[in-house]
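Have a look at this one before I ask anything.
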Amino acid sequence: MARPIIVAITGASGAIYGIRALELLRDLGIETHAIITRGGRATLREETDREIADVLALADVVHADSNLGAAISSGSFRTGGMLVAPCSIKTLSAVATSNAGTLTARAVDVCLKERRRVVLMLRETPLHLGHIRLMAQATEAGAIVMPPVPAFYTRPSSIDDIVTHSVARALDLLDVEVSGLRRWSGFTAGGSMPDED
């Protein structure tokens with residue numbers, strides 16, 4: 001049986017990524033523990049027509065970001081890892097510096113110290129050197145920084161297609177396979193790389 005996955009929605013643009021992750025994991029029957037930060041709640045209200053309560057209802061267990069005594073704040077509570085979708089620069093900074101002052105940051109820190117996978121769907125552009133250094137620090141600590149960059153070989157026909165593919169690829173990194181995910185299989189017949197001078 002799959003271990004629970006933690007999903008945190010932070011204050012960067014792209015709350016739909018976290019929502020879709022909760023939906024996909026629910027459909028797969030995988031237990032989820034959700035955190036929506038204060039910034040995440042504000043962004044969710046701004047960017048979607050979803051009610052906070054409806055999004056939280058997608059999770060099996062909901063934790064307040066201020067609850068540093070939650071089960072997921074301890075390494076003895078076994079999980080399959082954590083997805084931060086979207087991941088704000090503020091959260092990246094906390095991860096990179098092990099500043100575990102919120103449950104989101106503490107849960108990431110716990111996953112990293114227990115050598116569990118952490119995927120950060122970082123939503124920021126353009127990046128300055130400080131952001132790049134934070135990404136390097138988070139990577140050195142064991143996190144996987146995965147900005148949700150669309151793959152156009154899938155020939156998406158809607159924003160939903162783009163979001164679902166990006167989230168499914170992020171879940172791949174947590175060893176969660178989403179059925180129906182279109183994967184690159186090479187150039188089609190007659191579509192080989194052209195010769196270039």
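Summing -39500 (n - 2.57) over the DSSP H runs of n ≥ 4 in the chain and dividing by its residue number, what mean residue ellipticity at 222 nm do you reach, to the nearest 500 deg cm²/dmol?
-11000 deg cm²/dmol
Something else: Any chance you could check the Cα centroid distance between the stretch 29-93 and the stretch 99-115 for me, in angstrom?
After rounding, the separation between the Cα centres reads 13 Å.
Next question, about the same structure. At a 10 angstrom cut-off on C-beta neighbours, averaged per residue, how do the peptides 11-18, 123-130 rank from highest to lowest?
So the order, starting with the most tightly packed, is 11-18, 123-130.
In percent, what relative contact order does the chain have, based on Cα pairs under 8 Å that are 6 or more apart in sequence?
Once divided by the residue count of the chain, the mean separation gives 21 percent.
At Glu114 and Asp160, where each label point lies 7 Å from the Cα along Cα→Cβ, what is the point-to-point distance in nanometres?
Inter-label distance under the simple model: 3.5 nm.
Still on this structure, I have one more. Taking Cα atoms, how many degrees apart are the long axis of helix 159-172 and the longest axis of the chain, rounded to 10 and kept between 0 and 90?
Approximately 70 degrees, to the nearest ten.
Using 0.36 nm per residue of separation minus the Cα-Cα distance, give me the extension gain between Arg38 and Leu127 in nm, one decimal.
29.7 nm
So how do 34-45, 63-74 stack up, highest first, on mean other-Cβ count within 10 Å?
Output ranking for 34-45, 63-74: 34-45, 63-74.
May I pose another question? Please list 24-30, 107-113 highest first by mean number of surrounding beta-carbon atoms within 10 Å per residue.
Going by the mean number of other Cβ atoms within 10 Å, highest first, we get 107-113, 24-30.
As I understand it, the value is the acute angle between the Cα axis of helix 38-47 and the longest principal axis of the Cα atoms of the chain; what does it come to in degrees, rounded to 10?
Once rounded, one gets 40 degrees.
Given the Cα-Cα distance of Ser179 and Thr48 and 0.36 nm per residue of separation, how much length would full extension add, in nm?
Length difference between fully extended and current span is 44.6 nm.
Sort the stretch 5-172 into rounded, prolate or oblate with this rule: let a ≥ b ≥ c be the square roots of the eigenvalues of the Cα gyration tensor; rounded if a/c is under 1.5, and if a/c is not under 1.5, prolate when a/b is larger than b/c, oblate otherwise.
Taking the square roots of the gyration eigenvalues as a ≥ b ≥ c, the stretch 5-172 is rounded.
Can you tell me the 0 to 90 degree angle between the C-alpha axis of helix 103-113 and the longest principal axis of the chain, rounded to 10?
Computed tilt is about 70 degrees.
A further question follows. For Ser74 and Ala141, calculate 0.36 nm times their separation in residues minus their Cα-Cα distance, and state this gained length in nm to one decimal.
Stretched out fully, the Ser74 to Ala141 stretch lengthens by 22.3 nm.
Read the figures in this text as sums done on the coordinates, not as results from a lab. The model shown is predicted, which means the values in this text are computed figures rather than measured ones. All Cβ positions, glycine included, derive from the backbone under ideal geometry; neighbour counts span all protein chains shown.
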